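The values are calculated or read from the model by the stated rules, or taken from the named source; none is laboratory data. Model, not experiment: these values are computed from the prediction. Here the Cβ positions follow ideal geometry from the backbone for every residue, glycine too, while neighbour counts run over all protein chains shown. Ligands, DNA and RNA are excluded from the accessible area calculation, which covers all protein heavy atoms including side chains. Shrake-Rupley method; radii C 1.70, N 1.55, O 1.52, S 1.80 Å.
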Amino acid sequence: MEDNRIIELYWQRDDRAIPETAQKYGAFCSAIAGNVLSDRRDAEECVNDTWLHAWNAMPPQRPLLLRPFLGRITRNLAINLWEKNHAQKRDANMELLLDELSDCIPSPRTVEREMEARELGGLISAWLRTLPSDDRCLFLRRYWNGKSLQELAKEYRQTPEKLARQTYRLRQALKTYLERNGVTL
């Protein structure tokens, strides 16, 4: 089913919206949740919560693109669940991702930084648009979808070490771009 038709089902409050969404985007959302969360049951819970959040968000929201809309919901729910589950513990994969990005992106967790966070998001989006498609995809798959370097190495048919160097260069380029645009790190 086409995305605009699925969105219309949500707006009509038609119960078929959720199974249609799950059929079309279940694997996509499961991959995102699975990359953030190390527990399969937590990932399943997160995906089910995604459908509920989509149901509650539409209406009033009418996303232009359903896939990124659902991906963002899933990712945010997964990170929230990960933080809840690991409040006193450390998860090596997620900690590594957050540590890698901490050198080039300031934390937006304080109230006074909420507006800065929106501005930062716009700058990051603008920076991503300047990248060649391969670099942009790698960056998003690593830091948005949470894919491990080993998974990416198989997909890109490169060594994890080479991808680690490439993602390091991308993070350094992002840091330079943000600093040039007035972001204090």
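Odds and ends about this structure:
- Restricting the first member to segment 107-129 and to residues that are within 11 Å of Val183 (Cα to Cα), and the second to residues that are modelled with pLDDT of 55 or more and open to solvent by 100 Å² or more (accessible area, probe 1.4 Å), no beta-carbon pair is closer than 9 Å while six or more apart or on different chains.
Every residue, every condition in (1) touching a helix residue (DSSP H, G or I) at 6+ places or on another chain (Cβ under 8 Å); (2) modelled with pLDDT under 90; (3) closer than 15 Å to Arg5 by Cβ, yes or no:
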site: Arg16; (1), (2), (3): yes, no, yes
site: Lys24; (1), (2), (3): yes, no, yes
site: Ala27; (1), (2), (3): no, no, no
site: Ser30; (1), (2), (3): yes, no, no
site: Ala43; (1), (2), (3): yes, no, no
site: Pro63; (1), (2), (3): yes, no, yes
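- Consider segment 160-185 and keep the residues that are farther than 20 Å from Gly121 by Cβ and not polar (S, T, N, Q). The one that is surrounded by the most Cβ atoms within 10 Å (Cβ to Cβ) is Leu163.
- Among residues of segment 6-38 being of a type in the set (Asp, Glu) and not in a helix (DSSP H, G or I), the one that is farthest from Ala78 (Cα to Cα) is Asp14.
- Some residue of segment 115-133 being of a type in the set (Val, Ile, Thr) and either modelled with pLDDT under 75 or under 16 Å from the mean Cα position of the chain (by Cα) (or both): yes
- Conditions (1) closer than 30 Å to Glu151 by Cβ; (2) out of contact with any Gly (no Cβ under 7 Å at 6 or more places or on another chain): number failed by Val47: (2)
- Close contacts from segment 158-185, counting a first residue that is polar (S, T, N, Q) and a second that is in a loop (DSSP other than H, G, I, E, B), with Cβ to Cβ under 9 Å and a gap of 6+ residues or different chains, come to Gln166/Gln158; Gln172/Asp103; Gln172/Cys104; Thr176/Cys104; Thr184/Pro106.
- Exactly one residue out of Ser125, Ser148 is open to solvent by less than 40 Å² (accessible area, probe 1.4 Å), within 19 Å of Arg75 (Cβ to Cβ) and out of contact with any His (no Cβ under 8 Å at 6 or more places or on another chain), and it is Ser148.
- Just one of the numbered conditions (1) open to solvent by less than 90 Å² (accessible area, probe 1.4 Å); (2) in contact (Cβ under 8 Å) with a residue 60 or more places away in the chain is not true of Leu70: (2).
- Close pairs from segment 7-27: first over 13 Å from His53 (Cα atoms), partner in a loop (DSSP other than H, G, I, E, B) and open to solvent by 50 Å² or more (accessible area, probe 1.4 Å), Cβ under 6 Å, at least 6 apart: Leu9/Arg16; Glu20/Met1
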